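A quick write-up on the structure given underneath.
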Amino acid sequence: MRMDDQEESSNVEDVRGSSGRGGGFRLGRRPIGLGAVAVALVAGWIFGINPLTVLGLLGGDDATPYASAPDTPPPEDDPQARFVSQVLRSTEVVWSDAFHESGMDYQNPRLRLFRGNYPTACGEGDAAMGPFYCPADRIVYLDLGFFDTMSSRLGAPGQFAQAYVIAHEVGHHVQNLLGINDKVGAARQRASATQANALSVRVELQADCFAGVWAKRSQAEQGWRLEQGDIETALNAAAQIGDDTLQRKSRGQVVPESFTHGTSAQRVGWFKRGFESGNADQCNTFKAG
């Protein structure tokens with residue numbers, strides 16, 4: 001993936017040198033993200049970390065400390081942070097255009113770079129969770145060390161695979177703006193555990209599809225280009241974080257009723273659907289069979 005001199009976003013905050021303590025308290029929803037990767041492959045399911053608690057669209061509120069929003073951009077000589085900023089800016093352009101085409105206004109999310117642990121409006125952010133989006137403060141949280149995990153443990157090196165992860169989390173922001181998160185959260189509270197898990201799967205697959213829409217529209221509209229193997233590494237990343245693959249690696253067996261993110265084939269399929277169509281209307285996972 002080559003973004004070269006692409007524009008950077010002004011919405012990236014760098015708190016890697018801060019603990020973020022002392023901001024206050026807020027009632028907020030828990031985060032939505034790709035963290036099952038790190039939990040399953042690094043910490044392991046046996047740690048007792050329930051993926052629903054960490055990653056799902058849960059409705060319950062918590063009184064949790066949150067950090068006052070810093071206005072600290074990443075250093076100019078940090079190439080990884082610069083790439084993240086370029087990817088975020090590309091999502092801002094794509095979704096602003098897509099929302100405008102539908103007669104709506106897009107509100108940009110912020111992306112906060114952190115290390116280790118950091119308080120959010122959705123609870124304590126932990127690098128072991130992987131990247132995640134907090135609907136309560138509309139911030140994507142990212143520990144850049146996760147990109148090393150993708151390369152060394154997921155077989156997904158390269159910048160396009162990293163961009164896919166960011167685009168997936170921004171996809172959750174799109175869902176938040178469209179009111180999908182609130183509707184699903186309300187439905188989950190009335191559902192059984194198995195039904196609630198199934199709803200979470202549809203949420204995650206839609207975010208994968210939105211990531212595909214971003215990739216299709218961004219390279220066409222903004223002039224950056226994919227290189228040979230880029231799509232394959234992104235699809236491999238999607239496949240490696242399917243619930244069936246993660247459970248098979250960590251437990252040795254697959255328990256479909258516990259899925260919260262979808263199978264490898266589903267994740268690949270919905271990303272490809274978004275990428276091939278470039279149309280967010282094709283991402284209605286809630287009406288799909």
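Read-outs throughout are calculated quantities, based only on the coordinates presented, and are distinct from any laboratory measurement. From a predicted model like this one, the values you see are computed outputs, not experimental measurements. All Cβ positions, glycine included, derive from the backbone under ideal geometry; neighbour counts span all protein chains shown.
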Taking the Cα-to-Cβ direction at residue 282 and at residue 152 and moving 7 Å from each Cα, how far apart do the two end points lie in nm? 3.7
³J(HN,Hα), Karplus 6.51/-1.76/1.60, whole Hz, each residue of segment 160-172, x for Gly, Pro: 5, 4, 5, 5, 4, 4, 5, 5, 5, 5, 5, x, 5
Long-range HN-HN contacts of residue 120 with modeled amide H, under 5 Å: 125
Peptide ranges 180-189, 90-99 listed from the most packed, as the mean C-beta count within 10 angstrom indicates: 90-99, 180-189
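Once fully extended, how much extra length lies between residue 72 and residue 187, figured as 0.36 nm per residue of separation less the alpha-carbon to alpha-carbon distance? All intermediate terms of the calculation are to be shown ahead of the outcome.
Values: separation 115, 0.36 × 115 = 41.40 nm, distance 3.81 nm.
Working it through step by step, the gained length comes to 37.6 nm.
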If amide H atoms are built 1.01 Å from N in the plane of the peptide, which residues on other chains or at least 5 residues away come under 5 Å of the amide H of residue 12? 111
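Going by average Cβ density within 10 Å per residue, which order do the peptides 77-87, 110-120 take, highest to lowest? Before the final figure, lay out the partial values.
Working: 77-87: 18.2, 110-120: 20.5.
Listed from highest to lowest mean packing, they are 110-120, 77-87.
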